[in-house]
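First the structure, in the form of structure tokens, and then the observations on it.
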Number of protein chains: 2
Amino acid sequence: MQCKAEVTVMFRKSILDPQGAAVERALKAHEGGADISSVRVGKVIELTVDGPDAKSVEEKVKVLADRILANPVMEEYSVHVEPLS
Amino acid sequence: MQCKAEVTVMFRKSILDPQGAAVERALKAHEGGADISSVRVGKVIELTVDGPDAKSVEEKVKVLADRILANPVMEEYSVHVEPLS
């Protein structure tokens, strides 16, 4: 069964995010950007995974996210899996 | 009304994604990574926006995504807005 997995990796809230701060400044300088705050920039990794079912694919992707895609010391990640029809 | 917006920016399918290819190679080299394909890496920008309602916030964030956060020539983006309780 083929599934599409999406792993979102963001810096932990306690870690300074200079890229987010820079983007926030750029947005605020734009017309209509005054109402914007708390900008944070992260990564998203989309992958196609073959596995027996969505649950086992999610388990596998979580292991890979923890070991390879994210640095759990500084980053937090979320995994979303959905079957491809 | 405060809303949390999430803008996901990915390279268009027709554009080569070398970062995705590098991540795919790293994942395939890992135990259990043989079933993985079509890896693409993008950016996710989380922001808090103040506005009259979720719909107008979504309109505003779409304009900002189109003009500042993404390069529509090479990238495609999606916007997801949800009200903060």
Among residues of region B:1-35 being touching a strand residue (DSSP E or B) at 6+ places or on another chain (Cβ under 7 Å) and charged (D, E, K, R), the residue surrounded by the most Cβ atoms within 10 Å (Cβ to Cβ) is B:24
In region A:14-35, anything touching a residue at least 24 places away in the same chain (Cβ under 8 Å) and of a type outside the set (A, V, I, L, M) is listed as A:17
Reported set for region A:15-57 where residues are at the interface with another protein chain (Cβ under 7 Å from one of its Cβ atoms) and among the charged types (D, E, K, R) is A:35, A:40, A:43, A:46, A:50
Of the residues in region B:36-69 that are more than 13 Å from residue B:6 (Cα to Cα) and touching a residue at least 40 places away in the same chain (Cβ under 8 Å), the one that is surrounded by the most Cβ atoms within 10 Å (Cβ to Cβ) is B:51
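No value in this document is a laboratory result; all are computed from the given coordinates. Please read these numbers as outputs of a predicted model, since none were measured by experiment. Please note: Cβ atoms are built from the backbone with ideal geometry, for glycine as well, and neighbour counts cover all protein chains shown.
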